[in-house]
Amino acid sequence: MEKQLMNDECFVFIESGLNALEEIGWYGETRFICPICGYNNANAKRIKTPNKVRNKSTWLYCEECGMLVHG
């Protein structure tokens, strides 16, 4: 059960970060409210990697609770 809760938290965090990126047109850096701890300054960043059409680097990070997703 605990593993499922962790997976659910991760999916909710990713969804919130991607929604924040969508609001700025998918590329750049923005802030969002962390759904895990409520911190109002979680970071979402997405950049295009030069010379790689399909490879886009994305970082979602909350300094308060330490949640980090990169891919």
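The values are calculated or read from the model by the stated rules, or taken from the named source; none is laboratory data. What you see is a predicted model, and the numbers here were worked out from it, not measured in a lab. Neighbour counts are summed over all protein chains in view; Cβ atoms, including those assigned to glycine, are modelled from backbone coordinates with ideal geometry. Please note that ligands, DNA and RNA were not included when accessible areas were found on the heavy atoms of the full protein model with its side chains. Shrake-Rupley method; radii C 1.70, N 1.55, O 1.52, S 1.80 Å.
Determine, yes or no, whether ILE47 is modelled with pLDDT under 95 and in a helix (DSSP H, G or I).
Spelling it out, it is not the case that ILE47 is modelled with pLDDT under 95 and in a helix (DSSP H, G or I).
If only one of THR30, THR58 is open to solvent by less than 80 Å² (accessible area, probe 1.4 Å), over 23 Å from ASN7 (Cβ atoms) and under 11 Å from the mean Cα position of the chain (by Cα), which one is it?
From the options THR30, THR58, the qualifying one is THR30.
Keeping to segment 8-27, report how many residues are under 21 Å from GLY66 (Cα atoms), open to solvent by less than 60 Å² (accessible area, probe 1.4 Å) and over 9 Å from the mean Cα position of the chain (by Cα).
Final tally of qualifying residues: 1.
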